[in-house]
1. Please find, within the range B:119-134, the residue that is modelled with the lowest pLDDT out of those that are in a helix (DSSP H, G or I) and exposed (fewer than 11 other Cβ atoms within 10 Å of the Cβ).
2. Can you name the condition, by its number, that A:Val308 falls short on among (1) within 13 Å of another protein chain (Cβ to nearest Cβ); (2) aliphatic (A, V, I, L, M); (3) under 24 Å from B:Asp16 (Cβ atoms)?
3. Please verify whether the range A:58-72 includes one or more residues that are over 20 Å from A:Gly175 (Cα atoms), of a type in the set (Phe, Trp, Tyr), part of a helix (DSSP H, G or I) and under 60 Å from the mean Cα position of the chain (by Cα).
4. I need a count of the residues in the range B:62-111 that are crowded, with 19+ Cβ neighbours inside 10 Å, within 11 Å of chain A (Cβ to nearest Cβ) and either outside any helix (DSSP H, G or I) or without any contact (Cβ under 8 Å) to a residue 12 or more places away in the chain (or both).
5. With respect to B:Arg114, determine if the residue is assigned to a helix (DSSP H, G or I) and either surrounded by fewer than 18 Cβ atoms within 10 Å (Cβ to Cβ) or of a type in the set (Lys, Arg) (or both).
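The values are calculated or read from the model by the stated rules, or taken from the named source; none is laboratory data. Please read these numbers as outputs of a predicted model, since none were measured by experiment. With ideal geometry, Cβ positions are generated from the backbone for all residues, glycine too; neighbour counts draw on all protein chains shown.
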Amino acid sequence: MRSEGITNKVWLIIGILMTGFLFSVVVSYIHGYNTIKHIHRISDELFHDVQNSQMALIAFEDQVKHYQEVFMLGEIELLDLVPDTVQMVKDSITNIKSRKNLDIQMRVALDETMHLHSAYSRQANRIFSALGNGEVLEEGSEQYMAYENSVLELGKNSQELKERLSGHAKIFKDGFDNELIRIAQVTRLQGYFNLGLFALVVAISLLVIYYIVNRSISKPIQETIDQVESVTEDLRVERAERERKAMAETLKSMERVIGIIGHELRTPLAAVRMSSEYLLKLDNLDKVSFESFMTPIHDEVIRMSELVNNMLEAARLNSGSVKWNWTSFQIEGICQSAIKVVQPLVDQESVEVNCFIEPDITEMNGDQEAIQRMIINLLSNSVKHTSEGQIDLSVSMSDKDDHIEIEIKDTGNGIPQHVKEKLGKAFVLNSGVVGSDYIKGTGLGLSICKAIIAAHGGEMKVDSIEGHGSTFAVYLPIDLDGPVSGNDKLEVEYV
Amino acid sequence: MLGWSNLLKRKILVIDDMPVFREPIAATLRMQGFDVSCAGDGQEGLDIARQENPDLILLDMSMPVMDGLGFLKHRQDDDQLNQIPVILLSAISDEDYISQANDYGISHHLLKSRFSSDELIQTIESCLGELAEP
């Protein structure tokens, strides 16, 4: 959508430039047209005036020349040429006068000239006709003197007329030249004007283009940048908020863990303190009293040591830098040892502990001590939750190639649904240390088992119905060369 | 004489699910001349309290079946029991929980592992002394 918008804007910009250019061209054309029209008018009118005024002057000069020739050569026939020149002078001046736009002063001056010229021509014809007809006058006579004066007057008049005609010609010529200069100036000014106009059009076009580019390209880009920055800021805030929440969650979880540890240690410590203080106060310490109060002290101390050991072990296994003692070992050996460890905790009268190992299964690779601890932890769990019936530890070949299945099955209480979801998560089990969520145990034992199974590339499945016992099944490869890393997120599978 | 002295003995009910804590306390209090009964959870505590009408109750908070708060709630609704002072013994210091317990009107709160048997007896005596005064 945006690219279409930009294409449209580009076309708009080109359109504006073309319109500006066309406008400049039209204005230039109008100016040129007016100039040409003006030149035409000048050539039609002024040039015509110049031409006629010069022709009038030339014709008059011819006329005067004819008179001189008549006078000098005494050829009366030459006077026949004079009317043509007179007519020519007259026509030329009439031609000038016929122009509409002629200056009124000039018109008066021309009328005057024409009048003078007519008077001059009439007098000259009369005198030179008389002279040409051979009227020989006696020198010094009155008649002679009159002619002589007339000729002198004619000479003066001709001179005056010549000056007038030449003055007219000069005025028209100067007017024509001035007009040409003016045209040149106007044309130059128009050139400047056109250039200026074009520059203005280009500048306005550039401004409009800048506005369009700014509005339709830069602005959206800036807006996009602003949006991106805003989104980035939002993301940053969101991430900070997430980190803060995670931190708060971690803190809360740490507080909970510390609370649980406190609870787990405080109660036995309080018990130990109470029992020991009671024993110290007794004056006569009989063996029965001593045993009945000393035994719980001993048991609690053992329980606390186990708790501390388990916590350290879980912390070590979850630290990611565990050193495994990888060897090949006898499976039956560790099973028997594990049973020996838990046997004292079992109520022998009501609970039976059995061990079945398929004869084909002998050895496996792994950390012997860790696998034994895992089996002990699972057996201990069963012992804790089984008050009657049996606990069976069995090892068999799994359906999966080169895997064994270690199964611990009991006829105990089973696992309630809400506990199942928290299995194997340290300190989560008894997060509700009080109230209806009350559950004994820290969850450390299974957490340790999970870490051991993960390092041995195995899996764990739990099948339990509340009130009908539980089955923990662990599947382990038997010939693993070394510990598996990065498998610490092992999830317990519930059947 | 023994019967009369037993009648004069002040009765204390200890409600705690952990024998390892409950028993030494009971033994210590008996040694001090109190008549002591024990209960393993809130429900059992309610039953014994109704039956024996003790002078004072020592109550644990975290217990199965019915916890300390559950016990206090039932006690509040019971005209007989709500006259008996309660000293709360807790292994946790959850302020929220303690404040809820306070709302039910407990006399004292002692944090397990923080008090000695002497302090416990002192607290009990002062509690019963307050009760004896009109």
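1. This residue is B:Ala132.
2. (1)
3. So the first thing to find is which residues in the range A:58-72 are over 20 Å from A:Gly175 (Cα atoms), and the list is A:59-72.
Among the residues that remain, those that are also of a type in the set (Phe, Trp, Tyr) are: A:60, A:67, A:71.
Next cut, part of a helix (DSSP H, G or I) only: A:60, A:67, A:71.
Going one step further and asking which of them are under 60 Å from the mean Cα position of the chain (by Cα), we end up with none.
The answer is no, given that none of the residues of the range A:58-72 is over 20 Å from A:Gly175 (Cα atoms), of a type in the set (Phe, Trp, Tyr), part of a helix (DSSP H, G or I) and under 60 Å from the mean Cα position of the chain (by Cα).
4. 8
5. no
Let's see how each residue does on (1) at pLDDT below 90; (2) surrounded by fewer than 12 Cβ atoms within 10 Å (Cβ to Cβ); (3) touching a helix residue (DSSP H, G or I) at 6+ places or on another chain (Cβ under 8 Å); (4) assigned by TED's automatic domain parsing to the domain that holds A:Lys162:
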residue	(1), (2), (3), (4)
A:Gly74	yes, yes, yes, yes
A:Leu81	yes, no, yes, yes
A:Met88	no, no, yes, yes
A:Ser92	no, no, yes, yes
A:Asn101	yes, yes, yes, yes
A:Met106	yes, no, yes, yes
A:Ala124	yes, no, yes, yes
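Here's the yes/no breakdown for (1) surrounded by fewer than 21 Cβ atoms within 10 Å (Cβ to Cβ); (2) part of a loop (DSSP other than H, G, I, E, B); (3) modelled with pLDDT of 80 or more:
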position: A:Gly412; (1), (2), (3): no, yes, yes
position: A:Thr442; (1), (2), (3): no, yes, no
position: A:Ile448; (1), (2), (3): no, no, yes
position: A:Met460; (1), (2), (3): no, no, yes
